[in-house]
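Have a look at the structure that comes next, please.
The values are calculated or read from the model by the stated rules, or taken from the named source; none is laboratory data. Here the structure is a predicted model, which is why all the values come from computation and not from measurement. Cβ sites come from the backbone with ideal geometry, for glycine too, and all protein chains shown count toward neighbours. Ligands, DNA and RNA are excluded from the accessible area calculation, which covers all protein heavy atoms including side chains. Shrake-Rupley method; radii C 1.70, N 1.55, O 1.52, S 1.80 Å.
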Amino acid sequence: MNAQPLMKETPFTPEGPQPLVREIAAGAAYPVDALGPLRAAVEAVQGVTQAPVAIPAQSALAVASLAVQGFADVQTLGGTRPTALYALTIARSGERKSACDAPLMAALRDHEREQAKAQRDAMQSWAKAQRDAMQSWANAHALWKGERDRILLEARKGKGEKRTAAQADLEALGAEPEAPPSADRTVTEPTFEGLTKLFAHGQPSLGLFSDEGGQFLGGHAMNSENRQKTLAAFNDLWQGNPIRRTRSGDGHATLFGRRLAVHLMVQPGVARAFLSDPAAADTGFLPRFLICEPPSAIGTRMQANAKRDETALASFGARLRDILETPLPMEPETRELEPRTLELAPEARALLVGFSDAIEGAQAPGGNLAHISGTASKAAEQAARIAGVLTLWRDLQAPKVEARDMADAIDLAQFYLSEASRLASAALVSTEIDRAEALRRWLLDGWTEPEVLVRDVVRLGPNPLRESPKARAALGILEKHGWLVPLEAGTVVRGAARAEAWAIVKVAADVV
């Protein structure tokens, strides 16, 4: 027999320390089949753009909410609530956010342009009526202002009886004529004051829509001085509460019956800051949003695979236009909306009760939703709102929410809840990784000993790690990534046997 050649043993070379990474679990697939009457349009947009389907789905839900929210509120387990939805879509640059939003917003943009043109274009009869209304107001306002100025001038010159007569003349003159309401139905970067003014003098049902939502989240309305009042105002609008505004120059004003739908598209960096903002979470602002961050489709969007369905988009646009051209139920003088209540059919209510109870149980200590109880506690209401939107989009005169729409809405609410849970966990992981990175830098740049103990980090390490649990968690992450090597219990470190200690792996400067 021939002897087998001896195999040379390959020496083991350790990999060395690994970069710290933020591990974010993949999300669930968007339940597009639960979109009911919106599904065909969403799939049509996705077929053309090949973007993640969640992006056009968010746009469609938000647009539908804006369209129907003025007509009916919906019954929930906690009372009657608006059908307004707040949506936040997280996607990086290049994910075709604008391309998904534009075709679903097209009919709305056309409607806004036509309504604005109606105030100046005399070629069409309805436009002439609007222009005449604007001209009539301008004439009436000029006469009113001239007469008021004359009365005030006489009052300033006169005394006693003349001033009393001027006061009576002013009262007889009456209030300043109101301008025709603004035709705009959407805003992109409003301050609270600007939004309030638009609600007072414009449409009572508005949408805050922006495919560059960072401009709003990082803008004047959300700076340190205005953030708290903006968050409170948006929370009130979501609840259907009146807008109350008091200013020294304008006095006090209360606006009842206003509705706001929101869809902000933001890049991940902006979203991380927003999601980790304690004020946004603690005030209940963040839990009111339907949030999703779909997996990227960049690199897979081949034109050869694009599909066009103009019929579905045309149908969506026609339905949107029909709703927008339907007069809103409102009190003429104050423009206060007077929406009816959309009841829940018994079967729909039973489904919602079952969903609510399941979510409530999952919020108990140790439950899988305990870490997002603020969002979870609103999940049943979100389901009712979504069901209301789907119902009214299909039939603006529908008397109640049926079981099929509630079942779809629960599937959607469950998806958004799972996304909120995933992103909250990712935010926690991100924070822990950031702390571990701060510790790694400190160990390499500011710590001269070859070993480190938990108490070293607590006493002398970076400020965010001056508590044992945080220090131990950061040390564990560095150990996992190869920056620390655990020493056996009893190893002598700096003259004493230690129950727990780590050796620091030093690497060349160009590696870190």
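Per-residue HN-Hα couplings for segment 448-455, Karplus 6.51 cos²θ - 1.76 cosθ + 1.60 at θ = phi - 60°, whole Hz, x for Gly and Pro?
So the Karplus estimates, Gly and Pro as x, are 9, 7, x, 10, 9, 10, 4, 5 Hz.
Something else about it: Work out the FRET efficiency for Ile298 and His371 from their Cβ-Cβ distance, taking R0 = 51 Å, and round it to the nearest 0.05.
Values: r = 30 Å, r/R0 = 0.60.
So the FRET efficiency works out to roughly 0.95.
What accessible area per residue, rounded to a whole number of Å², is obtained for segment 354-512 using a probe radius of 1.4 Å?
Values: 7330 Å² over 159 residues.
It amounts to 46 Å² per residue over segment 354-512.
For Ala350 and Ala26, what is the calculated FRET efficiency with R₀ set at 25 Å and r taken between the beta-carbons, to the nearest 0.05? Could you put the intermediate results ahead of the total?
Values: r = 33 Å, r/R0 = 1.32.
Calculated value: 0.15.
May I pose another question? Distance from a point 7 Å along Cα→Cβ of Ala503 to each backbone N in segment 457-492: keep the residues under 16 Å and list them by number.
The answer is 479-480, 482-492, whose backbone nitrogens lie closer than 16 Å to the label point.
Which loop trypsin sites (Lys or Arg not before Pro) in segment 270-306, with loop taken from DSSP, have no more than 16 other Cβ atoms within 10 angstrom of their Cβ? Walk me through the numbers on the way to the answer.
Details: sites: Arg272, Arg288, Arg301; in loops: Arg301.
When the trypsin sites (Lys or Arg not before Pro) of segment 270-306 are filtered for loop state and at most 16 Cβ neighbours within 10 Å, Arg301 remain.
Short version: ³J(HN,Hα) in whole Hz for each residue of segment 217-225, in order, from phi by Karplus 6.51 cos²θ - 1.76 cosθ + 1.60 (θ = phi - 60°), x for Gly and Pro, what are they?
In residue order, the calculated couplings are 5, x, x, 4, 5, 10, 6, 4, 6 Hz.
Based on the mean of other Cβ atoms within 10 Å per residue, sort peptides 28-41, 49-62, 95-108, 224-237 so the most packed one is first.
Peptide ranking by packing, descending: 49-62, 95-108, 28-41, 224-237.
Once you sort the root eigenvalues of the Cα gyration tensor of segment 459-512 as a ≥ b ≥ c, which label holds: rounded (a/c under 1.5), prolate (a/b larger than b/c) or oblate (the other case)?
Values: a/c = 1.74, a/b = 1.14, b/c = 1.52.
It comes out oblate by the Cα gyration axes.
Could I ask something else about it? Taking amide H positions as placed 1.01 Å from N in the peptide plane, with prolines and chain starts having none, which residues 5 or more places from Val262, or on another chain, fall under 5 Å of its amide H?
HN-HN under 5 Å from Val262: Leu85, Tyr86, Ala87, Leu208.
Report, by chain and number, residues whose modeled amide H sits under 5 Å from the one on Ser182, excluding near sequence neighbours (fewer than 5 apart, same chain).
The list, which skips near neighbours in sequence, is Gly202, Gln203.
Taking H as built 1.01 Å from N, whose amide H comes closer than 5 Å to the amide H of Arg498, not counting residues under 5 places away?
Gly490, Thr491, Val492, Val493
What are the ³J(HN,Hα) values, in whole Hz, obtained from phi via the Karplus relation 6.51 cos²θ - 1.76 cosθ + 1.60 with θ = phi - 60°, for each residue of segment 293-302 in sequence order, with x given for Gly and Pro?
For segment 293-302, the Karplus-derived couplings read 10, x, x, 5, 10, 4, x, 10, 8, 7 Hz, x marking Gly and Pro.
Just subtract the alpha-carbon distance of Thr311 and Glu449 from 0.36 nm times their residue separation and send over the number in nm, one decimal.
Details: separation 138, 0.36 × 138 = 49.68 nm, distance 7.07 nm.
So the chain would gain 42.6 nm between Thr311 and Glu449.
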